[in-house]
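Below is one structure; the comments refer to it alone.
The values are calculated or read from the model by the stated rules, or taken from the named source; none is laboratory data. If you're wondering where the values come from, they're calculated on a predicted model, not measured in any experiment. Because the Cβ atoms are built from the backbone with ideal geometry, glycine has one as well, and the counts that use them run over all protein chains shown.
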Amino acid sequence: MGIISWIVLGLLAGIIAKFLMPGRDPGGCIVTPLIGIVGALLGGWLGKVIFGVDSIDGFFELSTWIAAIVGSLILLGLYRLVARARD
């Protein structure tokens, strides 16, 4: 997948992760898409490392979306923990 595809996938995965984990996040609508982009990369990497599968086959593959959303959920949860610890 190209870089534009990763950005679009990450933005959408960040929105879906925010929908699945509602709540107030510090940073608002700017940080959530960035978390989605990094989360998509994290999910793809974790899929390869843990399960030994190529979870980033293509933009329209279900495994790609699942990996991106799970990675975004993990990163969003970690971000909330770190942000709460600072308060």
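Quick check on my filter: what residues within region 6-39 are modelled with pLDDT of 80 or more and small (Gly, Ala, Ser)?
Of everything in region 6-39, those that are modelled with pLDDT of 80 or more and small (Gly, Ala, Ser) turn out to be GLY10, ALA13, GLY14, ALA17, GLY36, GLY39.
Among the residues of region 1-41, count how many are touching a Leu at 6+ places or on another chain (Cβ under 8 Å) and either surrounded by 15 or more Cβ atoms within 10 Å (Cβ to Cβ) or assigned to a helix (DSSP H, G or I) (or both).
The number of residues fulfilling the criteria is 16.
Which members of region 73-87 meet the condition of being charged (D, E, K, R) and assigned to a helix (DSSP H, G or I)? Can you show your working first?
Within region 73-87, the subset charged (D, E, K, R) is 80, 84, 86-87.
ARG80, ARG84, ARG86, listed by residue number.
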